[in-house]
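**Q** The structure under discussion is supplied below as structure tokens; questions concerning it will follow.
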Amino acid sequence: TILVLDFGSQYTHLITRRLRELNVYSELLPCTQKLSELSWKPTGIILSGGPYSVYAADAPHVDPAVFELDVPILGICYGLQEIAWHHGKNVAAGDKREYGRAALKLEKHAATSAHVSQLFADLPQDMEVWMSHGDKLSKLPDNFVTIATTSNSSFAGIAHTEKEYFGIQFHPEVTHTPMGTRVIKNFAVNVCKARQDWTMTSFVDQEIARIRSLVGPKGQVIGAVSGGVDSTVAAKLMKEAIGDRFHAVLVDNGVLRKGEAAQVHATLTKGLGIQLHVIDAADRFLDLLKGVADPEKKRKIIGNTFIDCFEERALAIAKEAENTLNAGPIEFFLQGTLYPDVIESISFKGPSQTIKTHHNVGGLPERMSLKLIEPLRELFKDEVRVLGTSLGIPEDLVWRHPFPGPGIAIRIIGEVTREKVRIAQEADEIFIAEIRAAGLYRQISQAFAAVMEGRAVGVVGDQRLHGYIIALRAVQTTDFMTARAFRFDMEWLERVVERIGNEVEGVARVVYEVTSKPPATIEFE
Ligand code: XMP
């Protein structure tokens with residue numbers, strides 16, 4: 001096991017991700033972790049980057065025991081400075097911040113101990129790396145040699161001449177350092193001799209064991225599922241870990257996709273053996289949304305009503321389960337949070353303060369005094385898909401486009417009415433079915449039909465129709481922060497538009513929306 005100690009860099013989780021890609025098991029812990037509290041001995045330690053200066057009065061430092069353990073250590077960025085700080089405090093504020101690409105030059109070390117050259121073994125003499133730091137080394141600590149330089153730092157890479165300690169100023173974990181994974185592999189596999197036998201299956205076993213010990217033999221967990229891949233994978237893990245002491249709840253808010261509640265129910269209960277409580281609250285939501293046109297108000301109503309419905313049912317489920325299962329109270333709330341949802345990495349303040357409350361369940365765990373349980377919080381979306389597949393979750397679900405918590409309500413501009421919901425659902429169903437039939441579903445990141453405000457004139461048969469305007473939207477994106485409209489074939493689009501016009505009552509026009517994000521967002525509100 002490689003121990004990654006986190007100083008709060010925005011890239012820290014990428015270190016663990018790269019290690020996973022190398023099939024090396026790692027554990028990520030706050031930088032202040034006391035080694036005496038660990039029940040295992042790491043085979044190597046990586047000190048991450050961080051936003052601090054080692055000289056700041058409140059700068060975090062590792063447990064000094066780290067340097068007494070006699071295992072290899074790699075310090076990245078702040079981690080390098082931390083190593084230097086422990087070996088004579090030769091760090092200075094950089095005269096200029098270095099941010100972005102830099103050309104790294106490797107130094108040759110034929111004469112010094114063999115391990116010194118191991119970090120950069122089999123790498124080109126010159127390579128591109130990514131820098132992001134203010135402070136830098138002003139002087140080599142005693143017993144260290146320089147193993148790499150850039151034009152701005154004479155100590156872009158250092159190594160201890162006797163111990164297997166390395167420091168690098170650049171970030172090998174980001175994709176902007178093209179050979180970075182090789183550096184991490186050299187350290188983990190060649191220097192630390194870490195085993196490369198970690199797989200998603202071992203992740204499942206570890207996570208199940210962790211959930212079991214966290215929840216205890218009688219504890220119960222409740223969670224909201226949406227039918228999306230994240231909440232389904234999280235629910236399946238929970239089910240595997242604690243069986244019927246996990247309760248999944250789906251709130252049908254009336255603005256889901258067409259037939260979605262029934263479909264999710266079938267997949268979870270029949271397909272995955274997860275007991276699902278569906279709360280049919282469509283009327284309650286739609287009545288509350290009546291006459292409300294402001295997007296923020298719509299979101300608030302949906303969010304608050306969701307919490308009310310969930311809480312009411314959760315209390316009933318808890319009472320019943322305590323009797324029938326002879327179990328303890330419900331103490332945990334399951335959330336399918338992924339790493340990109342985690343605003344900051346686990347900082348040295350500890351994990352509890354730094355988690356973003358998921359926008360769909362905002363305030364719910366606090367209101368019900370439930371502790372969060374987040375089995376996916378170190379994973380990226382593509383890893384969750386691999387995990388979902390290995391857990392037997394159907395392909396269709398694993399590759400499902402994301403669907404926002406406020407649902408179709410933010411795809412209906414202005415007031416949400418039952419008629420507009422029906423039109424959006426029916427048009428969406430046709431659009432998605434055609435996208436699937438054309439084999440384009442996976443190339444597109446997200447696609448849907450929205451209902452515009454106002455009406456337009458059309459003709460149906462001999463009749464003049466004052467009908468709704470549908471906008472179709474399909475985007476490609478890797479991170480949902482920026483996106484671009486998908487370029488459909490015009491004839492294909494015309495056929496889809498024709499189908500919607502013929503099959504969805506009340507539609508006068510269909511437009512295809514091509515604005516990029518930015519300036520637009522993916523959803524309409
Ligand atoms: P925007 O519209 O902000 O959407 O470009 C980016 C991604 O986020 C989803 N989205 C939401 N998801 N609750 C959610 O769970 C929300 O309130 C929400 N708003 C937007 C959107 O579907 C897209 O994938």
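What follows is calculated from the coordinates using simple rules that are stated; it is not laboratory data. Remember, predicted model here, so these are calculated numbers, not experimental data. Cβ sites come from the backbone with ideal geometry, for glycine too, and all protein chains shown count toward neighbours.
**Q** Suppose R0 equals 22 Å. What FRET efficiency, 1/(1 + (r/R0)^6) with r the Cβ-Cβ distance, do residue 455 and residue 297 give to the nearest 0.05? Write out the running numbers ahead of the final one.
**A** On the way: r = 23 Å, r/R0 = 1.04.
According to the calculation, E is roughly 0.45.
**Q** Taking H as built 1.01 Å from N, whose amide H comes closer than 5 Å to the amide H of residue 465, not counting residues under 5 places away?
**A** Residues meeting the criterion, in which the H sits 1.01 Å from N, are 458, 459, 460.
**Q** Estimate the FRET efficiency between residue 262 and residue 418 by the formula 1/(1 + (r/R0)^6), using the beta-carbon distance for r and 22 Å for R0, to the nearest 0.05. Each step should come with its number before you reach the end.
**A** On the way: r = 18 Å, r/R0 = 0.82.
Computed FRET efficiency for residue 262 and residue 418: 0.75.
**Q** Dipole magnitude of segment 70-225 about its Cα centre, charges +1 at Lys/Arg Cβ and -1 at Asp/Glu Cβ only, in debye to the nearest 20? Mind showing how you got there, number by number?
**A** Numbers: 16 positive and 16 negative charges, 51 e Å.
Charge dipole of segment 70-225: 240 debye, to the nearest 20.
**Q** Going down the table (290/420; 239/300; 300/420; 270/319; 163/193; 89/185), which pairs top 23 Å between alpha carbons? Write down the numbers at each step before the final one.
**A** Working: 290/420 12 Å; 239/300 31 Å; 300/420 20 Å; 270/319 25 Å; 163/193 15 Å; 89/185 29 Å.
239/300; 270/319; 89/185, as the Cα separations exceed 23 Å there.
**Q** Express the relative contact order of segment 46-155 as a whole percentage, based on alpha carbon pairs under 8 Å and six or more residues apart in sequence. Working shown, then result.
**A** Working: 159 pairs, mean separation 31.3, N = 110.
Relative contact order for segment 46-155 comes out at 28 percent.
**Q** So what is the relative contact order of segment 465-517, in percent, for Cα pairs below 8 Å that sit 6 or more residues apart? Kindly include the intermediate steps, with their values, before the conclusion.
**A** Values: 66 pairs, mean separation 28.9, N = 53.
Relative contact order of segment 465-517: 55 percent.
**Q** Calculated from DSSP H runs of 4 or more alone, at -39500 (n - 2.57) each and per residue, what is the 222 nm mean residue ellipticity of the chain, nearest 500?
**A** Working: 13 runs with 151 residues, N = 525.
Taken over the chain, the calculation gives -9000 deg cm²/dmol.
**Q** Please get the size of the charge dipole for segment 420-491, origin at its Cα centre, with Cβ charges of +1 on Lys and Arg and -1 on Asp and Glu, quoted in debye to the nearest 20. Don't skip to the end; give the middle numbers.
**A** Details: 9 positive and 9 negative charges, 33 e Å.
About 160 debye.
**Q** Which chymotrypsin sites (Phe, Trp or Tyr not before Pro) in segment 5-52 pass both tests, a DSSP loop state and at most 16 other beta-carbon atoms within 10 Å?
**A** Numbers: sites: 7, 11, 25, 40, 52; in loops: 7, 11, 25, 40, 52.
The qualifying sites are 40.
**Q** May I ask which residue of 171, 161, 211 lies farthest towards the positive end of the charge dipole of segment 157-222, with charges of +1 (Lys, Arg) and -1 (Asp, Glu) on Cβ and the Cα centre as origin?
**A** 211
**Q** Once you charge only the Cβ atoms, +1 for Lys and Arg and -1 for Asp and Glu, what is the size of the charge dipole of the chain about its Cα centre, to the nearest 20 debye? Could the numbers behind the result be given before it?
**A** Numbers: 58 positive and 66 negative charges, 52 e Å.
In debye, rounded to 20, the chain gives about 260.
**Q** Using DSSP, restrict attention to beta bridges with both residues in the chain and report what percent are antiparallel, rounded to the nearest 5.
**A** Numbers: 35 of 73 bridges.
Antiparallel bridges make up about 50 percent of those DSSP assigns within the chain.
**Q** Amide H to amide H, which residues 5 or more places from residue 165 or on other chains are under 5 Å from it, using H placed in the peptide plane?
**A** Sorted by chain and number, the residues that satisfy this are 73, 160.
**Q** Counting other Cβ atoms within 10 Å of each Cβ, which trypsin sites (Lys or Arg not before Pro) in segment 94-171 have at most 12 and sit in a DSSP loop?
**A** Loop-located and lightly packed - 108.
**Q** While we're looking at this one, here's another question. Just grab the label-to-label distance for residue 480 and residue 218, each label 7 Å out from Cα along the Cβ direction, in nm (one decimal).
**A** It is 3.9 nm.
**Q** So for the chain, averaging the separation of alpha carbon pairs under 8 Å that are six or more residues apart and normalising by length, what relative contact order in percent results?
**A** Values: 1010 pairs, mean separation 60.1, N = 525.
Across the chain, relative contact order equals 11 percent.
**Q** Please identify every one of the trypsin sites (Lys or Arg not before Pro) in segment 1-52 that sits in a loop by DSSP and has no more than 15 other beta carbons within 10 Å of its own beta carbon. Intermediate results must be reported in sequence, preceding the final value.
**A** Working: sites: 17, 18, 20, 34; in loops: 34.
Passing both the DSSP loop test and the Cβ count: 34.
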